[in-house]
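Asker: Let me begin by handing over the structure; questions about it come next.
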């Protein structure tokens, strides 16, 4: 079958060569929208909506280079960023069980498997020991992407073990808090962790060791009501949401509209709940200075 051949466009010989189109080059129309293309994954800033490559964001400690917004950091990445050198990890031997055989829209065991697959972590708390500017420290960080950083029995086990190890090695204990509260799938057992962690913190203080809490975005519920508010010093990151009950719950209770910056770090600083707000880029130096003064290093 003969295929119809379209006649090629005939140029006017009188057309100047500068006005003739170059073959193979597409010249976009004025109405076409040009979009930047990236060769690697990008992160969108929730504040200014700028697109920043994941590598650039990681090098900048997940602080937006355009508007200085502090984005959430993964627990393990935060601790490896915090330490100059990581020595070892604690608490991996603790494994969550399902004591209540809890089922809501899906079994608790299925939720745990999903969270482990999503985050690559076995639980919502990561504990590492290492050195910062030559000072050995024990530090833990909540992984908010693991079931909202909720506190269950394993989180309590790891926190208590971290506190006891800090006492045995005479190291300061640093906690990066980010949680939605106690884990309802473990019922009363999760609420018991509030008392367990509080008792462990008291032992750290009785040993004359500093316990410093860094409040990141967000910190709520039973974590706020226990380990997150028992520090010798409370540092907050800019604009972090910190409270016990959520803003919406409080508004429904008092029947009033609560305007910004209610429950923001800046609001809590003005009302004496936190000691200082520190930019993430200055956090390592700030913690080191506080530890040095408290331990007379």
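Asker: With the requirement that a residue be in a strand (DSSP E or B), in contact with a helix residue (DSSP H, G or I) (Cβ under 6 Å, 6 or more places away or on another chain) and under 19 Å from residue 291 (Cβ atoms), what does segment 213-230 give you?
Answerer: Initially, segment 213-230 is screened for residues in a strand (DSSP E or B), giving 213-219.
Subset that is in contact with a helix residue (DSSP H, G or I) (Cβ under 6 Å, 6 or more places away or on another chain): 213, 219.
Selection gives 213 alone.
Asker: Here's another thing I want to ask about it. Mind checking which residues of segment 231-241 are crowded, with 22+ Cβ neighbours inside 10 Å and part of a strand (DSSP E or B)?
Answerer: Matches in segment 231-241: 235, 236.
Asker: Considering only residues that are assigned to a loop (DSSP other than H, G, I, E, B), closer than 18 Å to residue 149 by Cβ and touching a residue at least 60 places away in the same chain (Cβ under 8 Å), which ones fall in segment 52-95?
Answerer: Passing the criteria: 62, 72, 73, 74, 91, 94.
Conditions tested, residue by residue: (1) part of a strand (DSSP E or B); (2) on the phi > 0 side of the Ramachandran plot; (3) modelled with pLDDT of 95 or more; (4) surrounded by 21 or more Cβ atoms within 10 Å (Cβ to Cβ).
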residue	(1), (2), (3), (4)
200	no, no, yes, yes
203	no, no, yes, no
258	no, no, no, no
287	no, no, yes, yes
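Asker: Read through the list (1) in contact with a helix residue (DSSP H, G or I) (Cβ under 6 Å, 6 or more places away or on another chain); (2) not in a loop (DSSP other than H, G, I, E, B), then give the number of the only condition that residue 293 fails.
Answerer: (1)
Asker: Within segment 96-142, restricting attention to residues that are more than 20 Å from residue 164 (Cβ to Cβ), in contact (Cβ under 8 Å) with a residue 40 or more places away in the chain and not in a loop (DSSP other than H, G, I, E, B), which residue is nearest to the chain's Cα centre (by Cα)?
Answerer: Ranking the qualifying residues of segment 96-142, first place goes to 119.
Asker: Let me ask you something else. Take the residues of segment 147-177 that are in contact with a strand residue (DSSP E or B) (Cβ under 9 Å, 6 or more places away or on another chain) and without any contact (Cβ under 8 Å) to a residue 40 or more places away in the chain: which is farthest from residue 236 (Cα to Cα)?
Answerer: 170
Asker: Still on this structure, I have one more. Test residue 266 against the stated conditions and say whether it is in a helix (DSSP H, G or I), more than 30 Å from residue 136 (Cα to Cα) and assigned by TED's automatic domain parsing to the domain that holds residue 175. Show your work before the answer.
Answerer: Numbers: in a helix (DSSP H, G or I): yes; more than 30 Å from residue 136 (Cα to Cα): yes; assigned by TED's automatic domain parsing to the domain that holds residue 175: yes.
Criteria met by residue 266.
Yes/no per residue for (1) crowded, with 24+ Cβ neighbours inside 10 Å; (2) in contact with a helix residue (DSSP H, G or I) (Cβ under 8 Å, 6 or more places away or on another chain):
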{"position": "135", "(1), (2)": "no, yes"}
{"position": "154", "(1), (2)": "no, no"}
{"position": "173", "(1), (2)": "yes, yes"}
{"position": "206", "(1), (2)": "no, no"}
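The values are calculated or read from the model by the stated rules, or taken from the named source; none is laboratory data. These numbers come from a predicted model, not from an experiment. In this analysis, Cβ positions are derived from the backbone assuming ideal geometry, glycine residues included, and neighbour counts consider all displayed protein chains.
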